[in-house]
Every structure is written in structure tokens, then in C-alpha cells.
Amino acid sequence: MKNPLLENHRFPPFNSINNGHIETAIEARIQNVFDVLEQCLQNIKHNKLAPSWDNLVGPLEEAQDLLNQAWSPVSHLNGVCNSEELRAVYGRCLQKLTEFATSLDQHKPLFLAYKQLAESDAFNRLDSAQQKVIHDALKDFRLAGVDLDETSKARYGELQKRLSELSTQFSNNVLDATAGWYWHTDNIDDLAGVPATAIDAAKDAAEKKSLQGYVITLDFPPYLAVMTHCHNRALRELLYRAFVTRASELGMATGDTDPLKWDNTAIINEILALRHELAELLGFHHYAELSLAKKMADQPSDVIEFLLTLAERSKPYAEADLAELTEFADIDRIESWDFMYYSEKLKQAKYAVSQEELRPYFPANKVIEGMFTVASNLFGITIEDEINQDVWHPDVRFYRIKRDGNIVAYFYLDLYAREHKRGGAWMADARTRRLQGNSVQLPIAYLTCNFSAPAGGKPSLLTFDEVTTLFHEFGHGLHHMLTEMVYAAVSGISGVPWDAVELPSQFLENWCWQKEVIPLISGHHQTGVPLPASLLNKLLAAKHFQSGLQMLRQVEFALFDMLLHSEYDPNNPKSAQSVIDGVRQQVSVIFPPEFSRFQNSFSHIFAGGYAAGYYSYKWAEVLSADAFSLFEENGIFDQDTGKLFLDNILSKGGSQEPHILFKKFRGRAPTIDALLRHSGMDKAS
């Protein structure tokens, strides 16, 4: 029987994949990499050749790309169509891939061959992107312990394997805990205040569970709708408690399921201990130093100083935000389950605008169409529907990007929340732009969100926050798809330091707020009329609403992450709870109840790539705000400035250090001023 993951396909063969194909394909592709590696080294040795790009780096890139093409759709399906069967085979393959990566990164003959190439005259004849690939590879070898003794190498492999297992289990526990609780009612009055779109979705959710009435789950769209609009304070408290205790010893479940089986507390403790041991094994003081070895920031102290500066500058605004909200709410004590509810009411009272009032003007299709127009105006591209029946769900759409009449990339768009789909929003690469013989393999991206699906006969209507989320992920996608690099290791987002990779995504969000753009992305779902000037002015006036609180919230998360990894003491480890409690005492103005277990579902740092790197969001926001300020000076659709950004940021991928690329674009180093101004926290404010 043919295995679709081992065949050449124009696009990933989603409809042909079954769980029985996966493990054999991954094993075969891993073995192929080792076979190619051995052939290259033998050829060099037997023929007394010097290592070169053509006899070593290029063939290995080709073999690793084939492995990525087999694994990418599997990894994606695990996030968007999760099942027990897929989860099991995914976990087994992830272990094999972790062992493979460790073995390759610690392969001493390969390291020595790269080192010989880097020190040869042939290296000087390579272009700068190729040189960057080799320099980055040498750093990766050293950070993977290539120089360790055999005992330490073995321990490194054990640590990486176990950390991979723990990361997967953490993510699975969050997914299961989110799906494992729901609230059901037959009485519509229990949901008084909740918008009609959310009521329709709750009714659909009940029907899917074969229940009468309405079901509210812990998926973010229904959770947000209740917490923001529901008058029923007891329900808000119940939902809040269920949400913030997910995957903890205090977790909740509907039915007979024991939620303790999803508790991530022990997993967090083990992850922190193993990360610290891994860092020490490689000669670092702690995991934060290891994490920053491949980022823009030099030392944890630099990051902490940056975050404390943001906290100091924003705390007065946050205190004013909180005082205003407390006075407005006029209740004995404002609790954590009251903040979103009264914040929305205060926003309406001050600006007479709400997310729900705006939602009818932002049908998903109109927003997408306008977003494509923005990208076209900025970067000279066109985006068109492409027919592709080979998708994982009927809601998924597929597009091609053209530039100068030529197709340069493709992407999948999966917008709606559904059961067995991981929460949040993200971009991932399906394929990377690279030289393939005499032609170029075109990049393909996955863009995934979790918005409310069409319900009650209405199209999907987005809140304005969701509009900015969509632009954010599309910014990531453009970074991946508009690259002009042809070497996989520096193509698109590959090779870009983690604290710079958010630059294009946060940068593109700025266009959502522009008066010239609103008519492009808005149109009432019944009349087609763009957002009226009266509502637009209210929206713009409310842009900085509670920006102090929002800034401190992100600083809190980032500082918690950095301190957790930089101050870890293996002889006297602090609990994650005590660390975040300490951070809140230092920088926060809002203090959640004692039962909150936020860290137990903080997938970014325990199941994603943001460990000792969550600060990257704010670090990159400094870059993005400063980058956008050049468009403010020259015109938001100034084509010369757009080309400058395309040529120096989007197209260059990881081929040069980001501070060099930023200076080429902006003409100087970045400053914090634009971020504070865009947040309404500059001196003028």
C-alpha cells in the first residue's frame, strides 16, 4: 500500500493520511536523513574532498525538508483535529524526532565537517545567507552539547526526550481540561445580557451534545462572551473558576471524570528541574541564559530591566485605570470575574461603543477581503482563492499569493473554533521556500484562529479584537511567505531570533486602526455599509482604554517567565505559584483570587517555544511600533516605505541579524518612544 506521506504531492495530502501511515513515514524519513549524511561523509572521505555546500549542506537540507513535509501535516492535524488515536501516534513520533534531532546535533563528524567548511577558502565564496546558515548550525551544534563527553551526551538526549514528553502531556492536559467541563441550562434567563450571536452558538453547542437549551464551554469565544456581558454574576464566577483552575489540582469537570488526571502541577515542577539541569550540562548558569543564547537580548538582566522599565512607565496608568473601574462598578468589592463585565460597561459609558456593537460591521469575509487589499497596497501582491479539496475540514479555505503575475506562496486559513481543536491563534509553516534543483519550492503556511463560526443563519461576525488577531497571524504568514531566501535554515521565519519574530505580526496590526483602512475591512453583514464615522471615532477614542492594565498584564506574564527560569534553585525550588505571587506583588495592581492557577495552562512557556522568551512579545512590539512610525511619517500606504519593509524585513528571513535589518529599514536603532505613544502612555498623554 502506498504511503501518502512518502509520495510527492503538490500540497500536503490531508485526505489521504490515516494514523497507520504516520509512524512508518516518519521513521523512513529520519532514516533517509542519516543515510544521506553517511553518504556525504563517506564521499568526502573516500574522494579526499573538502566539505562544501554542494557535497554536504545542500543534500542534508533536501533530506531534512522531506522529513518536514512528512511531519508538518501530522503536527498540524494534532492541533486542529485532535483525537486519542492521533495523539498516541503523534507522541511516539515526537519522541523519535526528538531523539533524531539530538543525534544529529551531537554528530561530531558532521560538526567537524561544518567547522572545516567555515574555516576554508570556499566559505568566503559563499553568499552571506549561506554563511549565516553555517554559523547558525555551528552554534546549534554547541548548544546541543556536541563537545560533551559521551556520558553527558547521553544525559542530554534523555533530558530532551523527557522534556518533549512533558511538553506534549502539558498541552494535552490543557486541551482535555478545557473540553472536560461545560455548563448547561434550559433557562435563557440565566444568560441575560449575552449577545445573540453567542446565544446562537450556545444553542448549537447544546445540540452537538444532544441537549436541550444552551451549553457554555471553556473555549475562548463563549467564555469571553459570558465574562464580558452576562448579568448573572454567579455564572460569571463559576465560569471564571472553571477557566483559571484548568489542568490544576483545583480543576473542574462535568460528569464522572476526575479532573485531577489533568493536573499539570507536577509536570511544571519536572519541566523546570530538567530545563535547569539541561542548561547546567551545557555550561550555563540557568535555563534563561541558554534560552537567550539564540535571541536578540544578551542577558536575563537586560530583559528584566526592560520589563521593569515598562512596568514603571505603565503602572501609574494602570492604577488610574483600576481606580476608575472600581469607582464606576460601585459594588462592595470588585472581583476577578467582574473585571471584564464592568470594563465593558465602563467602555460603553465613556465611549458608547462595545465589541458587540461593532461585531455586525466585521463579517469575517469582509475583513479577509480588506486585509488582502492592505497587503496588496503595501507589498505589491495579489491574493486569490485556489481550489484545493484536500483540506482537513470543510471550513478551511486555501489561497495563492502572486507577485508580478507569478505565484510566490500558498496558505490555508482555518478560522473557527470547534471541538478537538487547540485554542488560540497561530501561524505554522507547511513548507519552506528553498532551492530545489533548478527550481524554487514555494512556501506554504497554515493560519489558524478560533473565532465564532457562523450560527443562527448569520455569517461569522468578528469582534474588533478578533480583527486585530487575524491581522497579527497574517503578518506572521507574510513573513514566512514573502521571503526571498532559498536556503531553508534562513527562509521565512527560520533562523529569526525568537524575540524578533513577532515584529511583522504586531506591525501589521497597526493598519486595523487606520481611518483609511476601516472602509476596506468593514461592512455591515445585512446592509454592507462600512463602519459609520460616529462608531469609528468612538473606536479610535477607546483605543487606549485600560492600556495601562493591559501593559502590566503582559509584563507580569513575561517577568514571571524570566524569573522562573533565571532564579531557579535546584536545592530549594520555588513553586511556580510562589513566583507569580511575588511578581504580582512587585508590578501588578490586580490580584487574582488564591484559587487561580494561571500557570497550569500557560502553554506558551510549558508547551510552546516561549520558555524564558515570553518577553519577546513586548520586545518585538518596540520594534513594530517604531517600524510603523515610519509609515506614520510617510503615509500608511506609501509604496516606497512598504517596499523598504518588504526588502529589509519580510524578504530577508533569518539571513541577517534583526538589529542590522531594522537599522537598514529605519535608518537607526529602535527606541521605546513609539510603543509608549501607541499605548497612550507617552508624556503628551
Quiz item: Which value in nm describes the separation of the simple spin-label points at Ala320 and Ile407, placed 7 Å from the Cα toward the beta carbon?
Solution: 5.3 nm
Quiz prompt | Extension gain from Glu99 to Leu281, taking 0.36 nm per residue of separation minus the Cα-Cα distance | solution = 63.8 nm
Exercise. Looking at the chain, send over the antiparallel percent of its DSSP beta bridges, to the nearest 5.
Key: 80 percent
Practice problem: For the stretch 438-451, take each phi angle, set θ = phi - 60°, evaluate the Karplus expression 6.51 cos²θ - 1.76 cosθ + 1.60, and give the result in whole Hz per residue in order, putting x for glycine and proline. | Solution: 9, 10, 10, 6, 7, x, 9, 10, 9, 10, 10, 10, 9, 8
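So what is the calculated 222 nm ellipticity per residue for the chain, using -39500 (n - 2.57) for each DSSP H run with n of 4 or more, over all residues, to the nearest 500 deg cm²/dmol? Each step should come with its number before you reach the end.
Values: 27 runs with 370 residues, N = 685.
Helix contribution divided over all residues of the chain: -17500 deg cm²/dmol.
Grab the Cα-Cα distance for Thr24 and Asp682, subtract it from 0.36 nm times how many residues apart they are, and report the gain in nm with one decimal. Don't jump to the answer; show the numbers that get you there.
Values: separation 658, 0.36 × 658 = 236.88 nm, distance 5.73 nm.
So the chain would gain 231.1 nm between Thr24 and Asp682.
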Quiz item: Where the only charges are on Cβ atoms (+1 Lys, Arg; -1 Asp, Glu), what is the dipole of the stretch 265-337 about its Cα centre, to the nearest 20 debye?
Solution: 420 debye
Quiz prompt | Residues whose placed amide H lies under 5 Å from that of Ala409, excluding near-sequence neighbours | solution = Ile401
Exercise. Restricting things to alpha carbons, tell me how big the stretch 472-583 is in terms of Rg and Dmax, in Å.
Key: 20.7, 65
Exercise. Counting only heavy atoms of the protein chains, get the accessible area per residue of the stretch 196-320 (1.4 Å probe) and round it to a whole Å² value.
Key: 45 Å²
Quiz item: So what are the ³J(HN,Hα) numbers for the stretch 216-232, from phi and the Karplus equation (6.51, -1.76, 1.60; θ = phi - 60°), rounded to whole Hz, Gly and Pro as x?
Solution: 10, 9, 8, 4, 5, x, x, 4, 5, 4, 5, 5, 8, 10, 6, 6, 6
Quiz item: In nm, to one decimal, how far is the modelled label at His9 from the one at Asp569, with both set 7 Å along Cα→Cβ?
Solution: 5.3 nm
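If you take the Cα atoms of the stretch 63-196, find Rg, then find the Kirkwood Rh from the mean of 1/r over all pairs, what is Rg/Rh? Before the final figure, lay out each step's value.
On the way: Rg = 22.7 Å, Rh = 18.7 Å.
My calculation of the ratio gives 1.21.
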Self-check item: Ranked by how many other beta carbons lie within 10 Å on average, peptides 92-101, 64-73 from highest
Solution: 64-73, 92-101
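Rounded to a whole number of µm²/s, how large is the Stokes-Einstein D of the stretch 206-343 at 4 °C and 1.567 mPa s, given Rh as the Kirkwood radius over C-alpha pairs?
Values: Rh = 19.3 Å.
Rounded, D is 67 µm²/s.
Over the stretch 560-677, consider all pairs of different Cα atoms and compute the Kirkwood hydrodynamic radius from their mean reciprocal separation; express it in Å, one decimal. The partial results should precede the final answer.
Numbers: mean 1/r = 0.0581 Å⁻¹.
With all distinct Cα pairs of the stretch 560-677 included, I get 17.2 Å.
With an 8 Å Cα cut-off and a minimum separation of 6 or more residues, compute the relative contact order for the chain in percent.
Details: 1071 pairs, mean separation 105.7, N = 685.
Normalised by residue count, the contact order of the chain is 15 percent.
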Quiz item: Any idea what Rg and Dmax come out to for the stretch 1-151 if you just take the C-alpha atoms, in Å?
Solution: 17.5, 53
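Based on the Cβ-Cβ distance of Cys81 and Glu369, what FRET efficiency does E = 1/(1 + (r/R0)^6) give at R0 = 35 Å, to the nearest 0.05?
It comes to 0.80.
How high is the FRET efficiency from Lys294 to Glu633, r the C-beta distance, R0 45 Å, rounded to 0.05? Can you show the working numbers first?
Values: r = 33 Å, r/R0 = 0.73.
The value I calculate is 0.85.
Carbon and sulfur: what percent of the chain's accessible surface (1.4 Å probe)? Working shown, then result.
Working: 13980 of 28790 Å².
So the carbon and sulfur contribution to the accessible surface is 49 percent.
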Quiz item: Once label points are set 7 Å from the Cα along Cα→Cβ at both Lys664 and Ser152, what is their separation, rounded to one decimal in nm?
Solution: 3.7 nm
Exercise. For an R0 of 45 angstrom, estimate the FRET efficiency from the Cβ-Cβ distance between Asp54 and Glu384 and round to the nearest 0.05.
Key: 0.75
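Suppose every K and R has +1 on its Cβ and every D and E has -1 on its Cβ; what is the size of the dipole of the stretch 225-272 about the Cα centre, in Debye to the nearest 20? Don't skip to the answer; put the middle values down first.
On the way: 5 positive and 6 negative charges, 66 e Å.
Approximately 320 debye in magnitude.
Can you give me the accessible area per residue for the stretch 463-538, using a 1.4 Å probe, in Å²? Walk me through the numbers before you get to the answer.
On the way: 2280 Å² over 76 residues.
Accessible area per residue: 30 Å².
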Self-check item: Size of charge dipole - the stretch 55-120 - debye, nearest 20, with Cβ of Lys, Arg +1 and Asp, Glu -1, no other charges
Solution: 180 debye
Quiz item: Once Lys and Arg get +1 and Asp and Glu get -1 on their Cβ, which of Asn264, Tyr568, Leu415 lies farthest toward the positive end of the dipole of the chain?
Solution: Leu415
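Evaluate Rg over Rh across the chain, taking Cα atoms for both radii and Kirkwood's formula for Rh.
Numbers: Rg = 25.3 Å, Rh = 26.6 Å.
That ratio equals 0.95.
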Quiz item: Got a sec to turn the phi values of the stretch 317-325 into Karplus ³J(HN,Hα) couplings, 6.51 cos²θ - 1.76 cosθ + 1.60 with θ = phi - 60°, whole Hz, x for Gly and Pro?
Solution: 5, 5, 5, 5, 4, 5, 4, 5, 5
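The values are calculated or read from the model by the stated rules, or taken from the named source; none is laboratory data. Predicted model only: the values in this text are computed from it and were never measured. Cβ sites come from the backbone with ideal geometry, for glycine too, and all protein chains shown count toward neighbours. When the accessible area is computed, the model is the full protein with side chains, heavy atoms only, and any ligands, DNA or RNA have been set aside. Shrake-Rupley method; radii C 1.70, N 1.55, O 1.52, S 1.80 Å.
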